[in-house]
Structure formats: C-alpha cells, structure tokens
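Have a look at the structure below, then the notes.
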Amino acid sequence: MAGGRRYRWLRRIETLDPVRDHQEIYRISIGYEFPFDYQRALELALLRTYCVPSISALLDATGEFRRRPQQRYDDTALLMAEMAEHGYDTPRGRQALKVINLAHRRYAISNDDMRYVLSTFVYEPIEWLDRFGWRRPHEHERLAAFHYYRAIGARMGIRDVPDDFAAFHDLKCEYEHATFRHAPSNERVGAYTLDLFASWYPAPLRRAARLGVLALLPAEMRAAFGLPAAPRWLSTALTGGLRARAAAVRLMPPRTTSRLTRDPGNRSYPGYPVGYEPTDLGAPPPPPDLDPTWPAGPPDDPGR
C-alpha cells in the first residue's frame, strides 16, 4: 500500500474494486490525480482518430472543425467531464449522453469507427501516464478506465466491445494497422486541430507549439497526416521537460478540488458549469447537403 500524504488518493483507489467502483476510480484519476495528463492524452487520442480516413472525412464534411474548432473541442471536453464528474447515470450524465448520442445519430457512422474511438479514450491516457505521469497508473485505474468506457459504449449503442482489457487493446491496434493511411481529409482536420492547439499560445510561440505537438506524434500518425518528423533535439527536450514536470508534481500535495467541469481553459462557455446544462452543449444540425441518416442506429438506451 502506498504511503505518504502525496498518495492519499492512491490509497483510496487501492481500496476500491475496479469493476464495481470504476466510476469513482476514474473520477479520482482524471479529476484529482492526473488532470493535466488526461487532458493532453485525450487531445492526442482525438488526433489519433483523425488518422482513419472514414472518421476524418465525416468531420471534414461537417465543416465544424473549420468554422468552430474551439467550440467543438470544448463541447467534447465538457460532455466527457460531465459524465466523469457526476456519473453517466445521474441526471447531468444522462443529459450529456443524450447530447452525444443525438450528435452521432445524425450521421452514418460505422460501429467499427465508433468502437475504435472509444478504445482510444481507454488506452491513450494509460500510455501517456506510463511515459509522463508523476506516477504510473495503478492496475485498478487501468481496469477502471476500461470498464468505465465499456459502460459508456453500451449506453451509446456501440456493439461488440470486448469484455477483456487486453483484447480491446489488441482490437485497437489491429484497427489502426488496417485503417491508418494518408488522406487529404486527415490533413485538413489535422491542420484545423493543430491550429486550434497553437491558438492557445501567444503569436510568437505558435510555431513552437505546433512543433511540440508534432514531436509527440509517432511515425504512423505523421504518415497519416502527411507531416514531417520534428527535429530529434526537440523530441528529446520535450520528453525531458514532461518528465521534469512529473518529478515536480510528485512533490506537490494531493489535489483537493476537481478541475473536470471547471476548466479555466474552456473558452466557449464562460463560467461553466454555472448557468449551463449539458443540453446547452453540442453542434448545430448538419448542413442540408450532408446525409444525416444512420441506418443502423443504436437501440434506445438510458442516454437517449
């Protein structure tokens, strides 16, 4: 069992069951133990999904990432935060799921693509924490993330999600091997997203911010986006900086307030969640020239 005040939350996690208590474990991990790391890892997870041309083509066709990239980012982050902070079966969690399901039902999205996106939310943060976390995730945290998103997937009507942690990871890797390839839509959606990330910094630092993201991308993602490798020295410096940050965070006291729905980086909904409901989030209806049908939509579920 972990010792010291710094590991107070970890001691709590060790007492919980990763199947029965997966919501509480995930809430502690993302809101208290690793808020910065989860945010960065989930940003990379979203970028990773754009390496699948069928996913990037749909996102490109909606025009949302071109016209309102910050709002689309904030919608995604806040809807996920609502479920994590309050629970997916609470009133606010169910509202968030309803918004997510409504958005997906507007388009012809394959179950395979939906399942793949779900897998990135499980494994990308775990892999980030193994590399850059102030501590490595506990086995309970790894399994809780899997069971949490498996439950979310069921409420989204996503079929055939494996019931085993390793099997779902294998499925993710196999899908990437089969679908990752370069496409113009990958380039466009990737460029909109990199421009968004860079916009969070002062103008003189935006080129460096783009290069910093590039330095974190593995070769298969760069190939799918048609991007060059970052300078080796930059990758080395960035890795060293993230590990130095982890060492500093390890010396800090445990966090006592969650940043989940109170992220100061949210720019689209000032003061959120005060004055807002999850149903206030989400994209407008699709343009009339885009086919809004989903012939094989998910069954009715509590999130709808």
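Per-structure values
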read-out: Under Karplus coefficients 6.51, -1.76 and 1.60, residue-wise ³J(HN,Hα) of segment 92-101 in Hz, glycine/proline x; value: 6, x, 5, 4, 4, 5, 4, 5, 4, 5
read-out: Unit charges on C-beta of K, R, D, E only; dipole of segment 18-280, Debye; value: 800 debye
read-out: Lys/Arg +1, Asp/Glu -1 at C-beta; the chain dipole; positive extreme among ALA244, VAL99, THR62; value: ALA244
read-out: Most positive-pole-ward Cα, PRO231, LEU79, THR193, against dipole of the chain from beta carbon charges; value: PRO231
read-out: Ranked by how many other beta carbons lie within 10 Å on average, peptides 241-250, 39-48 from highest; value: 39-48, 241-250
read-out: Average Cα contact separation per residue, the chain, under 8 Å, 6 or more apart, as relative contact order %; value: 35 percent
read-out: Ranked packing of 6-13, 22-29, 259-266, most packed first, by mean Cβ within 10 Å; value: 22-29, 6-13, 259-266
read-out: Fraction of the pair-distance distribution of segment 87-157 above 17 Å, Cα-Cα pairs, percent; value: 52 percent
read-out: Cα centroid separation, segment 163-227 to segment 105-148 (Å); value: 16 Å
read-out: In Hz, Karplus ³J(HN,Hα) per residue of segment 218-230 (6.51, -1.76, 1.60; θ = phi - 60°; x = Gly, Pro); value: x, 4, 5, 6, 4, 5, 5, 8, x, 9, x, 6, 6
read-out: Computed over segment 148-285, the ratio Rg/Rh where both radii use C-alpha atoms and Rh is Kirkwood; value: 1.00
read-out: Debye log10 I(q)/I(0) for the chain, one point scatterer per Cα, at q = 0.09, 0.14 Å⁻¹; value: -0.44, -1.18
read-out: For segment 1-158: rounded, prolate or oblate by the Cα gyration tensor [a/c cutoff 1.5]; value: prolate
read-out: Note, ³J(HN,Hα) from phi for segment 65-79, Karplus 6.51, -1.76, 1.60, rounded to Hz, x at Gly and Pro; value: 6, 7, 8, 9, x, 5, 5, 5, 5, 5, 4, 4, 4, 6, 5
read-out: Cβ-based exposure ranking for SER56, SER258, SER199, in which fewest neighbours within 10 Å come first; value: SER199, SER258, SER56
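Values quoted throughout were computed directly from the atomic coordinates according to the rules given, and no laboratory measurement underlies them. A quick note: this is a predicted structure, and the numbers were derived from the prediction, not measured. Please note: Cβ atoms are built from the backbone with ideal geometry, for glycine as well, and neighbour counts cover all protein chains shown.
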